[in-house]
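The values are calculated or read from the model by the stated rules, or taken from the named source; none is laboratory data. Note that the structure is predicted; figures quoted are calculated from it, not measured. Here the Cβ positions follow ideal geometry from the backbone for every residue, glycine too, while neighbour counts run over all protein chains shown. When the accessible area is computed, the model is the full protein with side chains, heavy atoms only, and any ligands, DNA or RNA have been set aside. Shrake-Rupley method; radii C 1.70, N 1.55, O 1.52, S 1.80 Å.
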Amino acid sequence: MSIKQKVSEVNQVFDQLGAEIAAFQSTSQLSCVAGCGKCCQKPDINASVLEFLPLAYALYQEGRADEVYDEMTQLGADDFCHFFRPVNKEANQGYCGSYQQRGLICRLFGFSARKDKNGLPTMITCKVIKEGQAEKYQETDRAIKSKELAIPNSAEFYMQLYSIDFALAQEQMPINEAIKRALEIVLTYYSYGGEEAV
Ligand code: SF4
């Protein structure tokens, strides 16, 4: 499968997830706090290469892939995601500099669930939402466990990525490493004339 086709398939998964999250948020009324960037201010976010192939492809099309790759080679293990743009670190404020091409983990966090040890869905979310919107969070937790409210299942979305490219989807690594490898794949592919170098 060509890079272009893989990117298109990953984007279809993201579109489906976006629709499910929108429906979930509309019913639960849970949302991120405007301007909050706390979940990106962590050096230990893990991701797969495939979920960042759309970002790498977009950078290649913009003619920025080499430049961003070079910048990322300077990053250390304790650095936050290269695309995080801090506004006020003390107040945990900031934003994603590549929101439209963010990865699956970035999309799932806050508004998806995994199964707990009893097989019941448990929200993958943050303290800011749990404590700041406590009443809505408690009601949502009850509603998803009683199956009154549908919530995106994180494992199902990872499975969809596995079916596009298992090798690039299954290995989890630090987010900056995943983005760098995605850039390497795209740059190598097009340097050999892939899809006649779009
Ligand atoms: S890609 Fe964007 S949303 Fe994801 S961790 Fe980086 S800055 Fe945050």
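For a straight C-alpha distance cut-off of 18 angstrom, the aspartates and glutamates reachable from K180 (same-chain residues fewer than eight places away being disregarded) are D44, E51, E62, D66, E67, D70, E71, D78, D79, D165, E171.
The candidates D141, D78, D44, arranged from most to least accessible area with a 1.4 Å probe in the full protein assembly, appear as D78, D44, D141.
With the simple model of a label 7 Å out from the Cα in the direction of the Cβ, V128 to A167 spans 3.8 nm. Relative to the longest principal axis of the Cα atoms of the chain, the long axis of helix 134-145 lies at roughly 80 degrees.
Heavy-atom accessible surface of R64, to the nearest 10 Å², is about 90 Å², with a 1.4 Å probe and all protein chains retained. With every protein chain in place and a 1.4 angstrom probe, the accessible-area ranking of F111, F80, largest first, reads F80, F111.
Taking amide H as placed 1.01 Å from N in the peptide plane, S112 has its amide H under 5 Å from the amide H of I124, each at least 5 places away in sequence or on another chain. Per residue, the accessible area of the chain comes to 54 Å², computed with a 1.4 Å probe over protein heavy atoms only. Summing Cβ point charges (Lys, Arg +1; Asp, Glu -1) relative to the Cα centre of the chain gives a dipole of roughly 760 debye. Phi angles of segment 122-127 translate, via the Karplus equation with coefficients 6.51, -1.76, 1.60 and θ = phi - 60°, into HN-Hα couplings of 10, 5, 9, 8, 10, 4 Hz per residue; Gly and Pro are given as x.
The string of couplings for segment 71-84 from the Karplus curve (6.51, -1.76, 1.60, θ = phi - 60°) is 4, 6, 5, 8, 6, x, 5, 8, 6, 6, 3, 4, 8, 6 Hz, one whole number per residue in order, with x for Gly and Pro. The angle between the Cα long axis of helix 3-28 and the longest principal axis of the Cα atoms of the chain comes to about 20 degrees, rounded to the nearest 10.
May I ask you to list the residues of segment 75-117 whose amide nitrogen lies under 19 Å from a point 7 Å from Cα along the Cα→beta-carbon direction of Q25? Only 84-85, 93-114 pass the distance filter.
Compared with the dominant Cα axis of the chain, that is its longest principal axis, helix 175-191 is turned about 30°. Within the same chain, lysines fewer than 8 places from K136 are excluded, and of the rest, those with a Cα less than 21 Å from its Cα are K38, K115, K127, K145, K147.
Note on exposure: S191, S154 ranked by accessible area (1.4 Å probe, complete protein assembly) read S191, S154, with the most exposed listed first.
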